[in-house]
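Asks: Here it is, the structure in full.
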Amino acid sequence: MKKTTATILLITLFHVGFSQSYKEELKKVNDFLKTFDKGYYGYLEIKDGYLYDRFPSGKYSKSEIKYLGNAVALDNEYKVSIECTDSKDCVFSTYTDSYHKNISFSQTEYFDKEVLVGLLNNLLTAYKKNTGNYKNDVALIENKTSTSSNSNYQTALKKLNDYLKTFDNWLLRLSGN
């Protein structure tokens, strides 16, 4: 009986530890999105294996996470995109009432796309590892800002904090303070 109780306790602690990692990454993305494009993108939510991009208007986009690849910064645009794997239309949008090949985030002003790419890839990697749907994607390895292990989270956090410092200074300059 003691072995069974100890095993159940160990499995519970292990599960809580893994689920916390993707929930922490989800919080980081949502904190960033509050400052991004004046909060237009609302917040991300993960529910029953789906990633929801919930807009303040009540509309949303959703995709089953196992069909999402990595986030990428698009060239010559102020845009970041999470592409569907195998060029499938895996994202349903209530704005268009149709399926699309990606979830994208953009704004008309300059922003450091690599920060958002890193945050999104960290979230997707943590979730996929937690659920066993993780594969060692070549694009993830090539992305220098994406961290796939907890040992590099401090570097990513420092980059994000450094970026946010410049963002705050930009707002102060804009307001004349």
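Asks: Using a Förster distance of 22 Å, how high is the FRET efficiency between Lys27 and Tyr78, based on the Cβ-Cβ distance and rounded to 0.05?
Replies: FRET efficiency, Lys27 to Tyr78: 0.35.
Asks: Tell me, Lys88, Lys113 in order of fewest to most beta-carbon neighbours within 10 Å?
Replies: Ascending Cβ contact count within 10 Å gives the list Lys88, Lys113.
Asks: Past 22 Å, Cα to Cα: identify those pairs from Lys27/Lys129; Lys47/Lys79; Lys34/Lys128; Lys59/Lys129; Lys34/Lys88; Lys28/Lys62, in the order given.
Replies: Flagged as over cut-off: Lys47/Lys79; Lys34/Lys128; Lys59/Lys129; Lys34/Lys88.
Asks: Using Cβ contacts closer than 10 Å as the measure, can you line up Ser21, Ser57, Ser63, Ser81 from fewest to most?
Replies: In increasing order of surrounding Cβ atoms, one gets Ser57, Ser21, Ser81, Ser63.
Asks: Sort Leu116, Leu123 so the one with the fewest other Cβ atoms within 10 Å of its own Cβ comes first.
Replies: Ascending Cβ contact count within 10 Å gives the list Leu116, Leu123.
Taken together, the values in this text are just the output of simple stated rules run on the coordinates, not laboratory data. If you're wondering where the values come from, they're calculated on a predicted model, not measured in any experiment. Note that we place each Cβ from the backbone using ideal geometry, even for glycine, and neighbour counts take in every protein chain shown.
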